[in-house]
Amino acid sequence: MKSLAPSIQISFVLFFLILLFACGSPKLSSYATKTDLKSKANFDFNANKIRDNGKGFCVDMKALGKMPKRVALVSFYVSDPGLTKTTKSPSTSTWNTTNTGDENARIFANEYYAQSVQTLKSTFKEYGIEILCPSEFLTNENQKNAYHNFVVQHTTMNKVGEAFSKFSKNSNSNSTTIETDQAADGFELIKINKREQSDPKKKSVEKQNLASSLDGKMIESVGYELCKSLGVDAVLIVYNNQLCDEKWSKSRFWMSAVNMQLFGPNPTPLKEGKRDGNGYSKGLFYCGVRMQFSKGLLINPKIKDEKALAINNNNNKLAYNNMIAGCSNKIGSYLKKELK
C-alpha cells in the first residue's frame, strides 16, 4: 500500500487540528494573561441624558459637576437564568433544565468577591472614586435597617413585561425553567437585571440587558432612595451571569457575562411647582457595562492532574480580576471623559 504524499499528510494533520480546536470550549482561564479588557466591556444602560429640566434616565456629568467620591458596593451576586435543552422525536419533546443551584451560586459569588474586591477598589481609586463595602458604609443602625430592608421598586409596565417574558419563556420549555440569584455573604440581593435569555448551545446570554430600560421606579429606588439612606454619592452593583450543564457525569459551570451598574441621585431638582413623575426621576443611571462572551467560558474543565487543576484555578482567579479591572476602567474612563 502506498503511503500518502507529504502534502496530503500535512493537510490531514492541519484539518484534524483545526477540527479539534473548533470543538474545544473556550475557558475562563484563557483570560488570565489578558490584562487590558476595557474594550471588551460594552455599555449597557439607558444613556438618555437628563435635559435642563432634569428629565431623562442618565446623569449629565457636567450637571453633576464632579466625580462621585464615596460609592457603596451594595450588591455582588451571581445570576443564572437556567439552561434548557430540548430533545425532539417524531412523537414527543423532552426538556432538560439545569442551573448552578442556590448553594453553588452563593459559593461562586463569595469566591468572585473575595478574589476581586481589592482589584475593584484599587481600579476605581485611580479615578478618585472610593468603593465602600457593607462594613464600611453601614456605620449606624438607621443605615443598617435601611439597607437590610431595602426592596427594589418597579414600574407597572416593567412588572407586566417581566410577567409576559416569564410566561413566554416557560411556555417554550414546558414550565421547566429554573432560575437562581444569590449574593455573596454580607450583601443583600439587590437584583436589577431583567429576565435573561440563555443559549444552550453557546452557553451565553444576550449582549445587553439594561440598555433599553425604562424602569423609572427601579432606577429611582436604587439611585436615589438607597443612596440617600446610606449617605453616599452613588451605589454600585456587580453581578455575574453564569450557566450550568451536565457532562462527564458532573456539572460544568460557564461564565457568560460580568456586569457593573452605577446609580446615583439626579443633580437637577424639579422646578418649583412641578410634580414628580412624567419623565423625571430623582435617581439616575450613572453608567453601566456588560462584558459578555459570545461563547460561555468553561470554569471547571475536566482535569485529573492535581497540579494542572491548581494552575487552572489560579488562572481563573487572574482572569476574573482582569474582567473586573476592565469593567471598572470602562466606567471610570467614561465618567472622567463626560465630566470634561
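Where a Cα-Cα gap under 17 Å defines reach, which aspartates and glutamates qualify for LYS40, not counting those fewer than 8 residues away within the same chain?
Leaving aside aspartates and glutamates fewer than 8 places away in the same chain, those within reach of LYS40 are GLU206.
On alpha-carbon atoms, Rg over Rh for region 178-316 using Kirkwood Rh? Could you put the intermediate results ahead of the total?
Details: Rg = 19.4 Å, Rh = 17.6 Å.
That ratio is 1.10, to two decimals.
At a Förster distance of 41 Å, what's the computed FRET efficiency of THR139 paired with ILE303, Cβ-Cβ distance as r, to 0.05? Numbers along the way, then the final one.
On the way: r = 45 Å, r/R0 = 1.09.
FRET efficiency, THR139 to ILE303: 0.40.
In units of 2.2 N^0.38 Å, what is the alpha-carbon radius of gyration of region 25-339? Present the calculation step by step, with values, prior to reporting the outcome.
Details: Rg = 20.1 Å, N = 315, 2.2 N^0.38 = 19.6 Å.
It is 1.03.
Please report, in debye to the nearest 20, how large the charge dipole of region 214-340 is about its Cα centre when each Lys and Arg carries +1 at its beta carbon and each Asp and Glu carries -1 there. Write out the running numbers ahead of the final one.
Details: 19 positive and 11 negative charges, 71 e Å.
That gives a dipole near 340 debye.
Quote the FRET efficiency, to the nearest 0.05, computed for ASN278 versus SER39 with a Förster distance R0 of 45 Å and r equal to the Cβ-Cβ distance.
Working: r = 38 Å, r/R0 = 0.85.
Computed FRET efficiency for ASN278 and SER39: 0.75.
Pull out the extension gain between ILE107 and LYS69, defined as 0.36 nm times the separation in residues minus the alpha carbon to alpha carbon distance; nm, one decimal.
On the way: separation 38, 0.36 × 38 = 13.68 nm, distance 3.07 nm.
Answer, rounded to one decimal: 10.6 nm.
Measure up LYS55/LYS191; LYS55/LYS337; LYS191/LYS304; LYS34/LYS250; LYS34/LYS336; LYS282/LYS337 against 27 Å on the Cα-Cα distance and list the ones that go over. Please report the intermediate quantities before stating the final value.
Values: LYS55/LYS191 24 Å; LYS55/LYS337 22 Å; LYS191/LYS304 37 Å; LYS34/LYS250 29 Å; LYS34/LYS336 24 Å; LYS282/LYS337 23 Å.
In this structure, LYS191/LYS304; LYS34/LYS250 exceed 27 Å between Cα atoms.
Zone of LYS336 (label point 7 Å along Cα→Cβ, backbone N under 12 Å): which residues in region 122-138?
Once the point is set 7 Å along Cα→Cβ of LYS336, 123-129 turn out to lie under 12 Å by backbone N, inside region 122-138.
Excluding same-chain residues fewer than 8 positions from LYS271, which aspartates and glutamates have a Cα within less than 15 Å of its Cα?
ASP52
Where a number appears in this text, it was derived from the coordinates with a stated rule and is not lab data. Bear in mind the structure is a predicted one, so any value in this text is a computation, not a measurement. With ideal geometry, Cβ positions are generated from the backbone for all residues, glycine too; neighbour counts draw on all protein chains shown.
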